[in-house]
Amino acid sequence: MSKYIFRRLLMLIPVVLGITFLIFLILSLSPGDPAILILGSDASHEALVAKRAELGLDKPMIVQYANYVLKVFQGDFGKSWIDGNNVLPMFLERVPYTLYLGSLAMLFAVILGIPLGVVAAIKQHHLVDYFSIASAIILFSLPAFWFGMMAQILFSLILGWLPAAGADTPRHFILPALTLGANIFASQIRMTRTSMLDVVKQDFIRTARAKGVPELKVITRHVLRNGMLPVVTQIGISFASCMGGSVVTEMVFSIPGIGSLLINAVKSRDIPVVMGTLIFVAIVVGIINLIVDIIYAFIDPRVKFKG
């Protein structure tokens, strides 16, 4: 397994390079001059030329990208074009907020979504099944910005139970976690229910019940274990999406995470900040996919890794 993990980690390098090159190309070809954005439209021609030379924009695009990658491998992610701060400290300051928010959202979605999906599959066509399906459809259809604002109005303005915005205490993350995890919660219910239904109808489940195996043991040792692979995949995909898809939630609740950092950097064409954020997201997604593959081997002994 160690060879497999090492090979997968090496495969992250071309993936990250491909993603960053594509984003770098798009940002470089997008309209607008970063020098004018930084200095203003009233800046002299000489000042604009000097600023472009300082930023390396006077070189061909491929040379700019190569210089950036070489600096990244040395641990230098550059400086923000807007405020001149180093990207890495700025990024590290915001990462804990996004990781904390994403972890809480996933915890809420997994702890409630998987059991409800299992019960819905076991009690198919019963009231709990209809309730879970209806809840999943409703939560999956609600836009995050609307759900977040409605939660602020209800729990903050009307009831006064929770703060509406900020990230000062753990209580500030409850509403954002519920908002971000609502869609994931719905996906977990649907995926778990579908996966478990496929297993429940198998012959070995009927055989176990016919032999008198207790129902709880049938569910935990046979149904869950054989139906968890798609669910684990969904968990990995959902957690990866939390890292790059929490932009709306962070903006609604004024959380200083990497989502709000990324959207502001894109608006101002702050390429070093955008690139640094995307590199982190790409690495996190790759590591999560690796962890999911490793978990497969513990859930299903038939999964083998080849070095």
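Cut-off is 10 Å between beta-carbons; in what order do L162, L261 appear when sorted fewest neighbours first? Show your work: numbers first, answer last.
On the way: L162 17, L261 26.
Fewest-to-most ranking of L162, L261: L162, L261.
Please work out the ratio of the alpha-carbon Rg of the range 20-122 to 2.2 N^0.38 Å and round it to two decimals. Each step should come with its number before you reach the end.
Working: Rg = 21.4 Å, N = 103, 2.2 N^0.38 = 12.8 Å.
With N residues counted in the range 20-122, Rg over 2.2 N^0.38 Å equals 1.67.
By counting other Cβ atoms within 10 Å of each Cβ, how are V273, V63, V231, V218 ranked from fewest to most?
Values: V273 27, V63 11, V231 23, V218 19.
The order, fewest Cβ neighbours first, is V63, V218, V231, V273.
How many lysine pairs are close in the chain, with Cα atoms under 14 Å apart and the two 8 or more places apart or on different chains?
On the way: K3/K304; K3/K306; K51/K59; K51/K79; K71/K79; K123/K201.
Counting lysine pairs in the chain gives 6.
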**Item:** Distribution of pairwise C-alpha distances over the range 47-203, 5 Å bins, in %
**Value:** 1, 8, 11, 13, 11, 10, 9, 9, 9, 7, 5, 3, 2, 1, 0, 0
**Prompt:** Over the Cα atoms of the range 117-270, what Rg and Dmax result, in angstrom?
**Reply:** 19.7, 67
**Item:** Selection of trypsin sites (Lys or Arg not before Pro), the range 176-247, meeting DSSP coil and at most 13 other Cβ within 10 Å
**Value:** K201, K211
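Over the range 191-239, what is the mean sequence separation of C-alpha contacts under 8 Å (at least six apart), divided by residue count, expressed as relative contact order in percent?
Numbers: 27 pairs, mean separation 26.2, N = 49.
Relative CO of the range 191-239 lands at 54 percent.
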**Message:** Over the chain, what is the relative contact order in percent, taking alpha-carbon pairs closer than 8 angstrom and at least six residues apart?
**Reply:** 27 percent
**Fill in**
Rounded to two decimals, the Debye log10 I(q)/I(0) of the chain (Cα scatterers, no solvent) at q = 0.08, 0.13, 0.14 Å⁻¹ is -0.49, -1.04, -1.13
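Please report, ordered by residue number, every helix of the chain (full DSSP H runs) that is 24 Å or longer along its axis going by C-alpha atoms and whose mean Kyte-Doolittle hydropathy reaches 0.0.
Values: long enough: 2-29 (41 Å, 1.90); 87-122 (50 Å, 1.76); 174-200 (36 Å, 0.89); 224-245 (30 Å, 0.86); 271-299 (42 Å, 2.52).
Helices passing the filter in the chain: 2-29, 87-122, 174-200, 224-245, 271-299.
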**Complete:** With only helices counted (DSSP H, runs n ≥ 4, each -39500 (n - 2.57)), the per-residue ellipticity at 222 nm for the chain, to the nearest 500, works out to -24000 deg cm²/dmol
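Fewest to most neighbouring Cβ within 10 Å: what's the order for T179, T233? All intermediate terms of the calculation are to be shown ahead of the outcome.
Numbers: T179 26, T233 17.
Placing the least packed residue first, the sequence is T233, T179.
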**Message:** From the mean inverse distance of alpha carbon pairs (Kirkwood) and the Cα radius of gyration, derive Rg over Rh for the range 9-73.
**Reply:** 1.08
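Throughout, read-outs are computed from the coordinates displayed, never taken from laboratory work. Since the structure is predicted, the reported quantities are computational estimates derived from the model, not experimental observations. Ideal geometry is used to build each Cβ from the backbone, glycine not excepted, and the neighbour counts take in all protein chains shown.
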